[in-house]
Amino acid sequence: MRAADVGDVTMGSLVAEYGAPQAVEAIRARTLPPEFVAGQAQQERPPNLTSRLNAWFTRLAAANPAADIEAGQRSGARLIIPGSPEWPTQLDQLGRGRPLGLWVHGNADLRFSCLKSVAVVGARAATSYGLHIAAEFGIGLSESGWTVVSGGAFGVDGAAHKGALAAGAPTVVVLACGVDVCYPSAHESLFAKVKEKGVLISECPPGVHPTRARFLIRNRLIAALSRGTVVVEAAVRSGALNTATHALSLNRHLGAVPGPITSAMSAGCHRLLRERKAVCITSPEDMIDLVGVLGDDLAPQIRAPAVPRDRLSEPTKRVLDAVPSRGGAGPASIAVAAGMSLDATLSALGGLAAAGYVERIPKGWRLRRQTASYRKAPDSAALEPPPAPEPDPAEIPPPPDDFPGPEDLPSAPRQSIPAQERCHANAQHEADTWREVR
């Protein structure tokens, strides 16, 4: 891992054919097996084995494997290699480009976490739309039991990891540097939370800092660890499109989230959709439907809102469409316009009238007008005089001093009047009063 840089296919071929110990001995002896040299020469683009061997020898001479193991253990990281219980077997599909080993830092099990995983990638300079969608995907996928895999960078990557952590689920961060190097440094608190619930992984030894080439090479791990990749936002030149290319080469599912056609940060997604390389994804359920088990992880069917008109039969709908909204039309005219018999038209008109769709007027039939949502005042209200304003109590003059009060009036003895006679007397009084008013 120290002798060759990440993603060195030639070193991967050497280790795959002869094993790691024999490959190290060949590098120290600066002599590669003749069969290996002959096989590499038959490739379409044969590598320069002499310069490659010199570079491996120089790096191996400066390497200190024991110090790397000690530095990893001191930071809390562990080293896994192909064949380890925690090794994700889907990485074997990378062939000669499979990493020689992985440094893992975190409490989650890497292999178990990647059994059901989705890669969420996108632009670093993401818009507010992209950040919102990435966080929404992180939460939605995690709540459904899927692990979010991403690169831990600014923008879409960080938003997806934060969404997964908010849902209380593990997440996998694939770094382009050593696991003991925090890049970007502003994500120090994010990576600390990831270590508690998820894992940080890297094929770079401890202390290695990121380079542009390592960012592009690590993208193949993001695509290989997950069942599918969804691109949230990506410009025409974006590292997320590089991850999408790796996903397609590995026969992984690829989805893209559409965005505004005026946004340059969604141009890459639209290009994937236009070239039919990706499936249009608009929700976490859509992505689960794409990568999940057939028949078990289906996305809910989106249906249009139902309206009362949907419950009408087809002949009744044809009659309703033939009824004018203004003026009116006779049953015969409606029957001709609907292409139906007169009897069927009359039957449909009766049902529509009972349901409140149409109304009969002197000129025939027309669509019933919708009533206003507010209560209208009665028509007689405009003819009635406005009510007289109530007098202000402060303006009423006080009564004179000799005005008798209630206590000065003689009290009449109360008589017991039957209820029936009392109601009759009240009715007679109201009638007499009404005659006087007339």
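The values are calculated or read from the model by the stated rules, or taken from the named source; none is laboratory data. All of these numbers come straight from a predicted model, not from anything done at the bench. Backbone-built Cβ (ideal geometry, glycine too); neighbour counts: all protein chains shown. For accessibility, only protein heavy atoms count, side chains too; no ligands or nucleic acids. Shrake-Rupley method; radii C 1.70, N 1.55, O 1.52, S 1.80 Å.
For beta carbons closer than 6 Å, sequence separation of 6+ or different chains, a first residue in the range 320-348 that is under 11 Å from VAL358 (Cα atoms) and a second that is of a type in the set (S, T, N, Q), the qualifying pairs are ALA348/THR316. Evaluated against (1) farther than 22 Å from GLU203 by Cα; (2) touching a Pro at 6+ places or on another chain (Cβ under 8 Å), GLN42 falls short on exactly one condition, (2). Annotation for the range 129-150: no member residue is part of a loop (DSSP other than H, G, I, E, B), open to solvent by 10 Å² or more (accessible area, probe 1.4 Å) and closer than 17 Å to THR243 by Cα.
Looking across the range 3-56, just one residue is in a loop (DSSP other than H, G, I, E, B), open to solvent by 70 Å² or more (accessible area, probe 1.4 Å) and either of a type in the set (A, V, I, L, M, F, W, C) or touching a residue at least 24 places away in the same chain (Cβ under 8 Å) (or both), and that is ARG30.
Within the group VAL179, VAL194, VAL230, which residue is on the phi < 0 side of the Ramachandran plot, part of a strand (DSSP E or B) and open to solvent by less than 50 Å² (accessible area, probe 1.4 Å)?
Of VAL179, VAL194, VAL230, the one residue that is on the phi < 0 side of the Ramachandran plot, part of a strand (DSSP E or B) and open to solvent by less than 50 Å² (accessible area, probe 1.4 Å) is VAL230.
Restricting attention to the range 208-227, the residues that are open to solvent by 10 Å² or more (accessible area, probe 1.4 Å) and either among the acidic types (Asp, Glu) or under 19 Å from CYS280 (Cα atoms) (or both) total 1. Within the range 127-138, one or more residues are under 14 Å from PRO284 (Cβ atoms), in contact with a Pro (Cβ under 6 Å, 6 or more places away or on another chain) and at pLDDT 95 or above. Among the residues of the range 74-99, those identified as closer than 14 Å to GLY207 by Cβ and either surrounded by fewer than 15 Cβ atoms within 10 Å (Cβ to Cβ) or polar (S, T, N, Q) (or both) are ARG74, SER75. Do we find that THR282 is part of a loop (DSSP other than H, G, I, E, B) and among the hydroxyl-bearing types (Ser, Thr, Tyr) in this structure? When the stated conditions are applied, THR282 passes them.
The number of residues in the range 95-112 that are modelled with pLDDT of 95 or more and in a helix (DSSP H, G or I) comes to 3.
If you go through the range 338-366 and keep only what is hydrophobic (A, V, I, L, M, F, W, C) and in contact with an Asp or Glu (Cβ under 8 Å, 6 or more places away or on another chain), you end up with ALA338, ALA353, TRP365. Cβ-Cβ distances below 7 Å connect the following pairs, each with a first residue in the range 57-73 that is within 13 Å of MET1 (Cβ to Cβ), a second residue that is outside any helix (DSSP H, G or I) and of a type in the set (A, V, I, L, M, F, W, C), and a separation of six or more residues or different chains: ARG59/ALA3; LEU60/ALA3; ALA63/ALA3; ILE69/LEU79; GLY72/LEU79; GLY72/TRP103.
When ALA160, ALA164 are checked against the criterion of being under 18 Å from ARG252 (Cβ atoms), in a helix (DSSP H, G or I) and in contact (Cβ under 8 Å) with a residue 12 or more places away in the chain, a single residue qualifies: ALA160. Name the single residue that is surrounded by the most Cβ atoms within 10 Å (Cβ to Cβ) among those in the range 314-362 being part of a helix (DSSP H, G or I) and polar (S, T, N, Q). The extreme case among them is THR345. A count restricted to the range 224-242 and to residues that are under 21 Å from VAL104 (Cβ atoms) and more than 20 Å from the chain's Cα centre (by Cα) stands at 2.
Quick grid of which residues meet (1) hydrophobic (A, V, I, L, M, F, W, C); (2) modelled with pLDDT under 95; (3) within 47 Å of the chain's Cα centre (by Cα):
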{"residue": "ARG30", "(1), (2), (3)": "no, yes, no"}
{"residue": "VAL37", "(1), (2), (3)": "yes, yes, no"}
{"residue": "GLN40", "(1), (2), (3)": "no, yes, yes"}
{"residue": "PRO46", "(1), (2), (3)": "no, yes, yes"}
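Out of the residues in the range 100-128 that are hydrophobic (A, V, I, L, M, F, W, C) and open to solvent by 20 Å² or more (accessible area, probe 1.4 Å), which is nearest to the chain's Cα centre (by Cα)?
ALA126
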